[in-house]
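The next block holds one structure in the form of structure tokens; read it before the comments.
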Amino acid sequence: MSAPQSKVIVTCAVTGAIHTPTMSPYLPITANEIAREAIAAAEAGASIVHLHARNPENGQPSQDPELFRAFLPAIAERCDVVINLTTGGAPNMLVEERLQPALQLKPEVASLNMGSMNFGLYPMLDRYKEFKHDWERPYLEGSEDRVFRNTFKDIRYILESCADNGTRFEIECYDTSHLYTAAHFIDRGILKAPFFIQSVFGLLGGIGTHPDDVMHMRRTADRLFGKDYYWSVLGAGRSQIPIASMAASMGGNVRVGLEDSLWDGPGRLAMSNVEQVRRIVSVLKSLNLEVATPDETRDMLQLKGKQAVAF
């Protein structure tokens, strides 16, 4: 059984590193677009915004800390949302590069992937005849023969490098083996409770989206972490809202956003992250559940507070 909670943490993943600019004209690319989308998501009810950066010229994912510095102060000034920076970056980046934004900017929360895996984006090639930018097709094609590296040494490196930052981690688990990896680092005393466990469903190379898969991840996490963790889920693509709804009904927390899905219904592109936040907030309300405010989220996850970040 996860930690008792009276309200639901809603995370919005604003842009990510999976989708490319050709796939949607609404994908935030520039600093102004990312800041605007993050602020609007917070105003719509997001407790946390999970942030990646992109090259503003061509939309390519980037872990250049200067690109993060271009939008983080505006978000922090305009709203009280909890800011979560990626250490995943993109699957074709080395861990040293991926770490830099969290290491230098010291956010309240950073994501941390719990294992190496195949990370197949190449099926999306069939949907597009042409691409806007030269990097897009090779990026997608290369995923057929690419391992997203997150070794035990890589994970330890990130945890130990950020140990003095006071940053807590959103522990991203794409399969049950990743839950056991998290337990390994807990046993070593490197990860401290409370744990924020994000279960990821529906990416090619990870666990599927069947309700049995969701239940299996929840049961395994309950057995490994007991009341020391908060469970959150994200479903990729069309599974986003169904899996979030299922998890919410089971006492879990939820993540939506254009990083995970470009859609707001069958064949209908979401025109903003706000549409997805509003949709899941509506689902939560229909289940008689309340959304956690940013400060309530800070209390639940025992975060250091926005005054202690470096941006």
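Assorted remarks:
- 27 Å Cα-Cα threshold exceeded, pairs from LYS153/LYS306; LYS106/LYS132; LYS192/LYS285; LYS106/LYS192; LYS7/LYS153: LYS153/LYS306; LYS106/LYS132; LYS192/LYS285; LYS7/LYS153
- Helical mean residue ellipticity (222 nm; -39500 (n - 2.57) per DSSP H run of 4+; nearest 500) of the chain: -10500 deg cm²/dmol
- Given charges at Cβ of Lys, Arg, Asp, Glu: the chain dipole, positive-most of GLY45, PRO73, THR167: GLY45
- Charge tally around TYR128: other residues with Cβ under 15 Å, Lys/Arg +1 each, Asp/Glu -1 each, net -1.
- Highest-first packing order for the peptide set 109-115, 180-186, 258-264 is 109-115, 258-264, 180-186, based on the mean count of other beta carbon atoms within 10 Å.
- Whole-angstrom gap from the range 138-199 to the range 1-35, using each part's C-alpha centre: 19
- Amide H to amide H, with H built 1.01 Å from N, GLU290 comes under 5 Å of VAL8, counting only residues 5 or more places away or on other chains.
- Take the Cα radius of gyration of the chain and divide it by 2.2 N^0.38 Å, N being the number of residues; the result is 0.90.
- For the range 185-192, 3J(HN,Hα) per residue [Karplus equation, 6.51 cos²θ - 1.76 cosθ + 1.60, θ = phi - 60°, Hz, x = Gly/Pro]: 6, 5, 4, 7, x, 8, 9, 10
Values quoted throughout were computed directly from the atomic coordinates according to the rules given, and no laboratory measurement underlies them. Treat the numbers as computed from the prediction; the structure is a model and nothing was measured. In this analysis, Cβ positions are derived from the backbone assuming ideal geometry, glycine residues included, and neighbour counts consider all displayed protein chains.
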